[in-house]
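Below you'll find the structure, written out as structure tokens, and then a few comments.
The values are calculated or read from the model by the stated rules, or taken from the named source; none is laboratory data. From a predicted model like this one, the values you see are computed outputs, not experimental measurements. Cβ sites come from the backbone with ideal geometry, for glycine too, and all protein chains shown count toward neighbours.
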Amino acid sequence: MRKDIQINTTTGDIVFKNRNTLNKQLFKWLSESDLFITAQISFKWLSESDLFITAQISLPSNFDVNQLYTIGVNIEIPYTPIYKPIKIRIIRDFGGGNVRVVINPTNNSEWFEVYTKLFGAQDKVLYASQLIMVNQDNYLLQLNEGNAYLWSGIMSDMVNINANIQNRNLLLQCIPSNNYRYPTSGVGLIKYLHANLSHSGLAEKLQTEFKDDKVEIINAAFNSYSGDLELDLDFSEADAGV
């Protein structure tokens, strides 16, 4: 059977499928009571939340920490409008309140500042309210050289499907044109709305276009009130060469 890339025949858009198979891990924004305090030069004590918005990722006890540096971890982050840079703490939960923190190897702290990359090259500090520019809520986090990098958690790929039915729908919809931006073949069914199969030339047009696609029309019935066209098609010749 013929294969093709799946297209939404209503909108004309290519259909993408998320190929990310990683399990999602627990993410939460932290409150001020969860944080340490810091000081500035004027000796005014500041909470960590005055400088950053902080978050925590909880991993199961059997999670391989090396995965954080290789394929990363899949998380879902709720939107927040706060315009502050992000620090993330990563813990492994062993149950009963027993947790182990993943230590930042560059400064021996429990925090990782969050970055993204512009066009895959330049590091950019990522503010919490800007997360939606990366993805709506699904993210992939990776650790590298003491920093946490956030990427979209959607690994989009095109979908290959059995193409006979899709080809039928597209062939019926397309209106042929000599403009390079538009198809050069097609029935253009919308031109025959409320028409009659016997007197409009639609029957001949159907036979010609589908024959060129190596598809035989066995029977056709057209409802002139609803605009529905029912076709009984034989794809055997088209599939024989695949």
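A quick yes/no check of all residues on (1) at pLDDT below 75; (2) within 23 Å of ALA163 (Cβ to Cβ); (3) of a type in the set (A, V, I, L, M, F, W, C):
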residue	(1), (2), (3)
TYR182	yes, yes, no
GLY186	no, yes, no
ALA195	yes, no, yes
SER198	yes, no, no
LYS211	no, yes, no
ILE217	no, yes, yes
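Which ones in segment 215-229 are within 35 Å of the chain's Cα centre (by Cα) and either in contact (Cβ under 8 Å) with a residue 12 or more places away in the chain or part of a strand (DSSP E or B) (or both)?
VAL215, GLY227, LEU229
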Scanning segment 64-101 for residues that are surrounded by fewer than 16 Cβ atoms within 10 Å (Cβ to Cβ), hydrophobic (A, V, I, L, M, F, W, C) and in a strand (DSSP E or B) gives ILE91, VAL99, VAL101
When you look at ASN104, is it at pLDDT 90 or above, part of a loop (DSSP other than H, G, I, E, B) and at positive phi, yes or no?
-> no
Of all the residues that make up segment 151-178, how many are touching a residue at least 60 places away in the same chain (Cβ under 8 Å) and closer than 14 Å to TYR115 by Cα?
-> 1
Number of the exception - ASP157 against (1) surrounded by 13 or more Cβ atoms within 10 Å (Cβ to Cβ); (2) within 13 Å of the chain's Cα centre (by Cα) | (1)
Can you name the residue in segment 11-29 that is modelled with pLDDT of 80 or more and part of a loop (DSSP other than H, G, I, E, B) and is also surrounded by the most Cβ atoms within 10 Å (Cβ to Cβ) among such residues?
-> VAL15
In the set GLN130, GLN136, which member is closer than 24 Å to GLU76 by Cβ and either outside any loop (DSSP other than H, G, I, E, B) or at pLDDT 90 or above (or both)?
-> GLN130
